[in-house]
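The values are calculated or read from the model by the stated rules, or taken from the named source; none is laboratory data. Everything numeric in this text was worked out from a predicted model, so none of it was measured. Backbone-built Cβ (ideal geometry, glycine too); neighbour counts: all protein chains shown.
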Amino acid sequence: MRMDHCIAYLTYRAEWPVREELQRAMGSWVYGCDVCQSVCPLNQGRWREDEPAPWLEAVKPLLELEALARMDDETFRRRVYPLFWYIPEDNVARWRANAKRALRACGSNESRQA
Ligand code: SF4
């Protein structure tokens, strides 16, 4: 594994801005792809992404790409950051930038307006 090419690293820890070719390779991920988490033997038999996550229901609309791309700092700090405390709090702008990149990767019209 190349840590400096890991999507999780590139989304929040790597020097900004991330090189264009790496941004293209990140696709529509707003945070790490976590394939490594899915295949890790220690995670087998744990929560799976297709199982209900009631603790996310209230904040789900805020995690849509369009919402993240336009999110104000206060909403991020109050509603989103408590769920993603492991990502530096001062990276609100990076959340927005990652969401906009993801929208572009999806070919969304919204990305041209965000
Ligand atoms: S599988 Fe894991 S290590 Fe590889 S890019 Fe995705 S998040 Fe990073």
Checklist entry - Is it true that Tyr9 is of a type outside the set (S, T, N, Q), touching a Ser or Thr at 6+ places or on another chain (Cβ under 8 Å) and within 11 Å of the ligand (Cβ to nearest atom)? => result no
Checklist entry - Restricted to region 17-38, and to residues that are more than 22 Å from Glu64 (Cα to Cα) and of a type in the set (D, E, K, R), which residue is surrounded by the most Cβ atoms within 10 Å (Cβ to Cβ)? => result Arg19
Checklist entry - Quick one: in region 11-53, which of the residues that are more than 17 Å from Ile87 (Cα to Cα) and of a type in the set (Lys, Arg) is modelled with the lowest pLDDT? => result Arg48
Checklist entry - Does region 27-39 contain at least one residue that is touching a residue at least 12 places away in the same chain (Cβ under 8 Å), under 27 Å from Gly107 (Cβ atoms) and away from the ligand (no atom under 16 Å from the Cβ)? => result no
Item to check | Verdict on Arg46 being exposed (fewer than 10 other Cβ atoms within 10 Å of the Cβ) and more than 14 Å from the ligand (Cβ to nearest atom) | outcome: yes
Checklist entry - Which condition number does Arg101 fail, the rest of (1) more than 16 Å from the ligand (Cβ to nearest atom); (2) closer than 21 Å to Cys6 by Cβ; (3) of a type in the set (Lys, Arg) being met? => result (1)
Checklist entry - Has region 76-85 got any residue that is exposed (fewer than 12 other Cβ atoms within 10 Å of the Cβ), within 16 Å of the ligand (Cβ to nearest atom) and outside any loop (DSSP other than H, G, I, E, B)? => result no
